[in-house]
Amino acid sequence: MIYHCCMITKNMDLEVTIIDMGINGEGIAKHDGAVIFVPFALKDEVVKIHIIYAKSHYYVGKILEILKPSPFRVKPICPYFQKCGGCDLQHLDNAKILEFKTDLVKNSLRNIAKINADGVVHNCIGLNEYYYRNKFAFPIGQHDNEKFVGMYKENSHNIIRIDNCYIQADWSKKVIDIFNHFLNTTNNSVYEESTRTGLIKHLVCRMENNQLLVCVVINGKQLNDMQVLINYLSQEFENFGLMVNHNTLNNNVILTNNYTHIYGIKTISISSHNINYEVSLNSFMQVNTPIADAIYSKVQELVSGETVVNAFSGAGLLSAYIAKTAKQVYGIEIVESSHNDAEKLKVNNSIINLTNILGDVAKELPKINHFDCIVLDPPRKGCSRIVLDTILNVAPEKIIYVSCDPATLSRDIGILKDKYQLEFAQPYDMFPKTRHTETLAYLTKKDI
């Protein structure tokens, strides 16, 4: 029975109209004033739902039937969509996904930073829909006697088999096929999380410029039949490296620092924006290379001819890019190993207008005599209040903020807004078919 006007309870079936979309890409409905979140429902759709979760201030409903579909609903190309925890929006037309992500940034700035985002947020830039990721980390599962590469079901550690992932680059299917064959023709057990027994836990790979790094994560010391895997890979890939990562931890960490190199290359050599550098499996590198290049090019354009501080500079790649157009660059990084990598990058590329500083941004920033612009590229949690207060005290003319979370970006802009004007925010679709977006915000100091 479908109820139309009553108190909502778990296991109830309802017919609702989707009035909006939430920050996670889910549909939002209201029933007698109660808010209901409906995953995979689209705005303006009429759906029959089953209430699967009930709290005092909201509910979650599962679609039973789409009674009136959105004109922007499309058929997902992936057979695992809604089963694995990878994509959120394959059912929505791509132009509407870009519009959704633009609105996501606008609404975050309006609701969190409390600023008028009209005319300030540019339309989200998307360069690719599928086959864009240059790295994957897939869990290994087993059902009955079959071992397989898989992905976790949404909000669980249950592993489903996959034979292809449509947001990974096309080389990934070959690797998955090879490893599935290896798993089922050799004497290697699969790790079982519930019992903490078994050997193979994950397969982690990265490929760029036709260079492939393959890593098998194991709960032990030795992977059996490694030469067999090398032979299989050699039939499809000319330039690859194989390594084993030893991880006996019982947590969500995939890669430890304990590697054994087995065969071939150890790192990937890349040349981009006239900078040469090496990346390993553990190196931070954006998964969507064309979009990353677009962001870095925009940053280079905005800092041309200026003295720039790159805060949270990591291994120094963005600092090196900035140095190509800036007058002088200071990169500040608190992690010593990353600082050392940045120094190697500087030396290997003969960059003379870059100074790498090991230390805390809040402490090191006031020591720099003069700079025109600060580039912020913090982790998802954003900047700490002490860092933002330090920036307000030092007061450079410009701030460029690169963020992977519109909420923390908006929170931080809300703190900066009394002294700085948001000139524009440019969203980029770094993670197509998912709810996530990357944003470059450009702020200038107000005349106070």
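The values are calculated or read from the model by the stated rules, or taken from the named source; none is laboratory data. Predicted model only: the values in this text are computed from it and were never measured. So basically every Cβ, Gly included, is an ideal-geometry build from the backbone, and we count neighbours across all protein chains shown.
Scanning region 403-439 for residues that are closer than 27 Å to ASN128 by Cα and among the hydroxyl-bearing types (Ser, Thr, Tyr) yields SER403, THR408, SER410, TYR428, THR434, THR437, THR439. The single residue among VAL121, VAL105 that is of a type in the set (A, V, I, L, M, F, W, C), modelled with pLDDT of 95 or more, in contact with a Phe, Trp or Tyr (Cβ under 8 Å, 6 or more places away or on another chain) and within 18 Å of ARG435 (Cα to Cα) turns out to be VAL121.
Residue by residue, here is whether (1) of a type in the set (D, E, K, R); (2) surrounded by fewer than 18 Cβ atoms within 10 Å (Cβ to Cβ); (3) touching a residue at least 60 places away in the same chain (Cβ under 8 Å) holds:
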residue	(1), (2), (3)
ILE52	no, yes, no
TYR59	no, no, no
LYS62	yes, yes, no
PRO71	no, yes, no
CYS78	no, no, yes
PHE81	no, no, no
SER108	no, no, yes
ILE115	no, yes, yes
ARG133	yes, no, yes
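Take residues that are of a type outside the set (S, T, N, Q) and tell me which of the strands (runs of 3 or more DSSP E) falling wholly in region 222-338 contain 3 or more. Here the list reads 240-246, 259-264, 275-279, 307-311, 328-333.
Of the residues making up region 432-448, those that are closer than 17 Å to ARG380 by Cβ and assigned to a loop (DSSP other than H, G, I, E, B) are THR434, ARG435, HIS436, THR437.
Taking region 331-346 as the range and being touching a helix residue (DSSP H, G or I) at 6+ places or on another chain (Cβ under 8 Å) and within 21 Å of VAL387 (Cβ to Cβ) as the test, the residues that pass are GLY331, ILE332, GLU333, ILE334, ALA342.
For region 173-210, the candidate set comprises residues that are in contact with a strand residue (DSSP E or B) (Cβ under 6 Å, 6 or more places away or on another chain) and part of a helix (DSSP H, G or I); within that set, the residue that is surrounded by the fewest Cβ atoms within 10 Å (Cβ to Cβ) is ASN184. Of all residue pairs spaced 6 or more apart or on separate chains, those with beta-carbon atoms under 7 Å, a first member in region 147-159 that is outside any loop (DSSP other than H, G, I, E, B) and a second member that is of a type in the set (S, T, N, Q) are LYS147/ASN184; PHE148/ASN180; VAL149/ASN180; TYR152/ASN158.
Looking across region 395-425, the residues that are touching a strand residue (DSSP E or B) at 6+ places or on another chain (Cβ under 7 Å) and either closer than 30 Å to CYS84 by Cα or small (Gly, Ala, Ser) (or both) come down to ALA395, VAL402, SER403, CYS404, PRO406, LEU409, ALA425. Among the residues here, SER269 does not qualify as small (Gly, Ala, Ser), out of contact with any Lys or Arg (no Cβ under 6 Å at 6 or more places or on another chain), closer than 20 Å to ASN134 by Cα and at pLDDT 95 or above.
Might you let me know whether region 21-41 holds any residue that is surrounded by 19 or more Cβ atoms within 10 Å (Cβ to Cβ), of a type in the set (D, E, K, R) and not assigned by TED's automatic domain parsing to the domain that holds PHE431? Yes - at least one qualifying residue is present in region 21-41. So, ILE140, is that one assigned to a strand (DSSP E or B), under 22 Å from GLN227 (Cα atoms) and out of contact with any Pro (no Cβ under 8 Å at 6 or more places or on another chain) or not? Yes. Within region 34-59, being of a type in the set (Lys, Arg) and within 23 Å of LYS83 (Cβ to Cβ) holds for one residue alone: LYS48.
Remark: TYR166 falls outside the filter, which requires a residue to be assigned by TED's automatic domain parsing to the domain that holds ASN145, of a type in the set (Phe, Trp, Tyr) and over 29 Å from GLY126 (Cβ atoms).
Do the conditions hold for GLY126, that is, is it surrounded by 17 or more Cβ atoms within 10 Å (Cβ to Cβ), under 19 Å from the mean Cα position of the chain (by Cα) and over 25 Å from ASN282 (Cα atoms)? The answer is yes for GLY126. Can you find even one residue in region 357-378 that is surrounded by 22 or more Cβ atoms within 10 Å (Cβ to Cβ), within 30 Å of GLY86 (Cα to Cα) and not acidic (Asp, Glu)? The answer is yes, given that some residue of region 357-378 is surrounded by 22 or more Cβ atoms within 10 Å (Cβ to Cβ), within 30 Å of GLY86 (Cα to Cα) and not acidic (Asp, Glu).
So, in region 216-234, how many residues would count as being within 24 Å of THR195 (Cβ to Cβ) and either touching a residue at least 40 places away in the same chain (Cβ under 8 Å) or not assigned by TED's automatic domain parsing to the domain that holds LYS174 (or both)? Of the residues in that region, 1 qualify.
Is one or more of the residues making up region 276-289 touching a residue at least 40 places away in the same chain (Cβ under 8 Å), over 27 Å from LEU376 (Cβ atoms) and among the polar types (S, T, N, Q)? No: zero hits. Would you pick out the residues in region 402-427 that are crowded, with 24+ Cβ neighbours inside 10 Å and either among the small types (Gly, Ala, Ser) or in contact (Cβ under 8 Å) with a residue 40 or more places away in the chain (or both)? Answer for region 402-427, where residues must be crowded, with 24+ Cβ neighbours inside 10 Å and either among the small types (Gly, Ala, Ser) or in contact (Cβ under 8 Å) with a residue 40 or more places away in the chain (or both): SER403, PRO406, LEU409, SER410, ILE413, ALA425, PRO427. Criterion first (at pLDDT 95 or above, assigned to a loop (DSSP other than H, G, I, E, B) and among the hydroxyl-bearing types (Ser, Thr, Tyr)) does SER70 satisfy it? Yes; evaluated as a whole, the condition is true for this residue. Take the conditions (1) hydrophobic (A, V, I, L, M, F, W, C); (2) farther than 30 Å from ARG411 by Cβ; (3) assigned to a strand (DSSP E or B); ILE8 misses just one of them, which is (3). Among the residues of region 114-124, is any small (Gly, Ala, Ser), over 25 Å from ASN239 (Cα atoms) and not in a loop (DSSP other than H, G, I, E, B)? Checked against the condition, which is being small (Gly, Ala, Ser), over 25 Å from ASN239 (Cα atoms) and not in a loop (DSSP other than H, G, I, E, B), region 114-124 yields no hits at all.
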